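As structure tokens, the structure follows; a few thoughts come after it.
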């Protein structure tokens, strides 16, 4: 079932001219090395949601995937440059490419604001554990 969802998303992304969505068993190499810290309950829920909705492009633990999508554990996404509201907008509206060469990111359906907040909490925990404040 999960592979079917990824394949359906890939078709939608291709039609929208967005990122190449990949199955969890494929894709480019991680772009950055990520240390995963101990997680609280919200961050753990965010990790689960990230795996189901974001990791196909952004890689496990937000490390990015060569040729597919950027790492979110990167100084470009530090809170002073991309506040939490930027993550909400990216998920709900998509993003025009402006920092990376991967093309536009399509909106990600199926996530409400609470889920996006959990994912953001997870990404912020990863960032802090890797020296991005």
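The values are calculated or read from the model by the stated rules, or taken from the named source; none is laboratory data. Bear in mind that the values here come from a model prediction, so they are computed numbers and not experimental data. Using ideal geometry, Cβ is built from the backbone for each residue, glycine included, and neighbour counts are taken over all protein chains shown.
Quick check: is even one residue across the range 93-107 closer than 14 Å to residue 120 by Cα and touching a residue at least 12 places away in the same chain (Cβ under 8 Å)? Step through it out loud before you land on a result.
We begin by selecting, within the range 93-107, every residue closer than 14 Å to residue 120 by Cα; these are none.
No.
A quick yes/no check of all residues on (1) closer than 23 Å to residue 33 by Cα; (2) touching a residue at least 12 places away in the same chain (Cβ under 8 Å):
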{"site": "74", "(1), (2)": "yes, yes"}
{"site": "89", "(1), (2)": "no, no"}
{"site": "111", "(1), (2)": "no, yes"}
{"site": "128", "(1), (2)": "yes, yes"}
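Return a yes/no flag: does the range 58-66 have any residue that is on the phi < 0 side of the Ramachandran plot and in contact with a helix residue (DSSP H, G or I) (Cβ under 6 Å, 6 or more places away or on another chain). Walk me through it before giving the result.
First pass over the range 58-66, keeping only residues on the phi < 0 side of the Ramachandran plot: 58, 60, 63, 65-66.
Checking which are in contact with a helix residue (DSSP H, G or I) (Cβ under 6 Å, 6 or more places away or on another chain) leaves us with none.
No, there is no match, as no residue in the range 58-66 is on the phi < 0 side of the Ramachandran plot and in contact with a helix residue (DSSP H, G or I) (Cβ under 6 Å, 6 or more places away or on another chain).
Mind checking which pairs have a first residue in the range 45-56 that is buried (at least 18 other Cβ atoms within 10 Å of the Cβ) and a second that is part of a helix (DSSP H, G or I) and at pLDDT below 95, Cβ under 8 Å, 6 or more apart or different chains?
That search, which allows pairs on different chains as well, returns 56/6; 56/9.
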